[in-house]
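Asks: Have a look at this one before I ask anything.
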Amino acid sequence: MRISEGRRSLQISSSVLVLTVLPICFARSAYQWKRLSQNPIVAPQGQSWESAGTFNPAVVQAGERFRMLYRAQDAQGVSRLGYAESFDGMHFARRPEPVLVPETGYEKGGGVEDPRIVKIGDQYYLTYTAYNSKDAQLCLAISNDLLHWERQGILLPAYQGNWNVGWTKSGAIVPEKIGGKYWMYWLGAAADQTDQMGLSFSRDLLHWTEAAPAPVLPRRLGKFDSRVARVLTSFTQSPNTPPGSPYRLPLFYA
């Protein structure tokens with residue numbers, strides 16, 4: 001799918017990230033990946049909030065530092081978001097405490113999951129999944145420093161979509177307006193109990209409207225993405241990308 005405004009456009013490509021621990025890979029294109037290390041760069045540790053799993057990272061580059069938010073799980077299966085930073089993209093130093101923990105009614109029980117970060121202006125926008133052990137819903141928080149977050153509430157309530165009759169998760173916001181609007185890809189649960197990709201737009205990043213009556217990237221019967229098609233990580237462009245080049249949206253299929 002492509003959305004265009006002059007020379008600016010979006011297009012879909014694919015990549016894969018192994019879960020449970022955080023490995024690191026390098027790509028010369030969207031389709032060819034090489035593992036840089038045989039060991040995880042962030043692995044579970046201790047007996048507390050990140051003892052059972054560390055996965056689903058979101059990374060932004062700020063100056064000379066790579067700054068990461070990652071999902072961490074404790075032994076009870078509750079998720080929190082941890083913070084780590086690196087100067088080379090491979091060796092990360094972690095903060096001892098999480099930067100986002102379940103506090104609200106729509107988060108308590110299951111936690112906060114699946115961070116996606118985008119910087120617009122001077123602020124960082126974090127889309128994340130809130131899970132209260134019953135419903136998973138796509139939410140938003142904002143920050144000036146990636147460490148202190150102000151919740152903005154639920155962006156896409158569960159069970160209320162055009163075609164997504166269940167949970168909402170995994171939102172990736174395009175970091176600039178196209179056609180006078182911000183755009184966000186996200187995962188929704190269809191009536192056939194498969195997870196597929198939806199698209200919404202907003203003028204203020206807080207209030208979102210579905211852009212299509214059906215998934216913009218549906219599952220494919222008999223293919224490797226027959227069960228899930230969702231956004232893996234945030235929209236990015238290299239600092240050396242020529243002006244007007246299309247954004248590439250990495251996806252995760254399972």
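Asks: Within the stretch 56-72, take every residue that is over 15 Å from the mean Cα position of the chain (by Cα) and among the hydrophobic types (A, V, I, L, M, F, W, C) and give me the one that is surrounded by the fewest Cβ atoms within 10 Å (Cβ to Cβ). Quick ask: steps written out before the conclusion?
Replies: The initial filter retains those residues of the stretch 56-72 that are over 15 Å from the mean Cα position of the chain (by Cα), namely 61-66.
With the extra rule that they be among the hydrophobic types (A, V, I, L, M, F, W, C), the set shrinks to 62, 66.
Working: A62: 12, F66: 18.
So, considering only residues that are over 15 Å from the mean Cα position of the chain (by Cα) and among the hydrophobic types (A, V, I, L, M, F, W, C), the one surrounded by the fewest Cβ atoms within 10 Å (Cβ to Cβ) is A62.
Asks: Give me a count of the residues in the stretch 135-154 that are surrounded by fewer than 20 Cβ atoms within 10 Å (Cβ to Cβ) and either over 16 Å from R80 (Cβ atoms) or within 12 Å of the chain's Cα centre (by Cα) (or both).
Replies: Kept after step one, since they are surrounded by fewer than 20 Cβ atoms within 10 Å (Cβ to Cβ), are these residues of the stretch 135-154: 135, 142-148, 150-154.
From the residues that got through so far, the ones that are either over 16 Å from R80 (Cβ atoms) or within 12 Å of the chain's Cα centre (by Cα) (or both) too are 135, 142, 144-145, 150, 152-154.
The qualifying residues number 8.
Asks: Considering every residue within the stretch 74-85, establish whether at least one is part of a loop (DSSP other than H, G, I, E, B) and of a type in the set (F, W, Y).
Replies: no
Asks: In the stretch 241-252, is there at least one residue being in contact with a Lys or Arg (Cβ under 7 Å, 6 or more places away or on another chain), at pLDDT below 90, among the aromatic types (F, W, Y) and on the phi < 0 side of the Ramachandran plot?
Replies: yes
Asks: Right, next: Among the residues of the stretch 97-104, is there at least one that is surrounded by 22 or more Cβ atoms within 10 Å (Cβ to Cβ), closer than 29 Å to K181 by Cα and among the aliphatic types (A, V, I, L, M)?
Replies: Yes, the stretch 97-104 contains at least one residue that is surrounded by 22 or more Cβ atoms within 10 Å (Cβ to Cβ), closer than 29 Å to K181 by Cα and among the aliphatic types (A, V, I, L, M).
Asks: Hey, among the residues in the stretch 207-240 that are loosely packed, with under 15 Cβ neighbours inside 10 Å and modelled with pLDDT of 90 or more, which one's nearest to A141 (Cα to Cα)?
Replies: H207
Asks: Residue check: is A172 more than 18 Å from I117 (Cα to Cα) and either modelled with pLDDT under 95 or not in a strand (DSSP E or B) (or both)?
Replies: On the way: more than 18 Å from I117 (Cα to Cα): no; either modelled with pLDDT under 95 or not in a strand (DSSP E or B) (or both): yes.
The answer is no for A172.
Asks: Which one is modelled with the lowest pLDDT, of the residues in the stretch 83-96 that are aliphatic (A, V, I, L, M) and surrounded by fewer than 16 Cβ atoms within 10 Å (Cβ to Cβ)?
Replies: M90
Asks: Oh, and also: Could you tell me whether any residue of the stretch 113-124 is crowded, with 16+ Cβ neighbours inside 10 Å and polar (S, T, N, Q)?
Replies: For the stretch 113-124, residues crowded, with 16+ Cβ neighbours inside 10 Å and polar (S, T, N, Q): absent.
Asks: Does A30 satisfy being in contact with an Asp or Glu (Cβ under 9 Å, 6 or more places away or on another chain) and modelled with pLDDT under 95? Walk me through how you get there before you give the answer.
Replies: Numbers: in contact with an Asp or Glu (Cβ under 9 Å, 6 or more places away or on another chain): no; modelled with pLDDT under 95: yes.
Criteria not met by A30.
Asks: Just to confirm my filter: which strands (runs of 3 or more DSSP E) fall fully inside the stretch 102-150 and include at least 2 residues that are among the charged types (D, E, K, R)?
Replies: Counting at least 2 such residues, we get 111-120.
Asks: Right, something else. Scan (1) in contact (Cβ under 8 Å) with a residue 60 or more places away in the chain; (2) surrounded by 15 or more Cβ atoms within 10 Å (Cβ to Cβ); (3) over 22 Å from A229 (Cβ atoms) for the single condition N132 breaks and write down its number.
Replies: Status for N132: all satisfied but (1).
Asks: Separate question: Output the qualifying pairs, or none if there are none: Cβ atoms under 8 angstrom, residues six or more apart or on different chains, first residue in the stretch 45-56 and under 16 Å from A84 (Cβ atoms), second residue basic (K, R).
Replies: W49/R80; E50/R80; G53/R71; T54/R71; F55/R71; N56/R71
The values are calculated or read from the model by the stated rules, or taken from the named source; none is laboratory data. Given the structure is predicted, the values throughout are model-derived calculations rather than measurements. For neighbour counting, all protein chains shown are included, and Cβ atoms are generated from backbone atoms with ideal geometry for every residue, glycine included.
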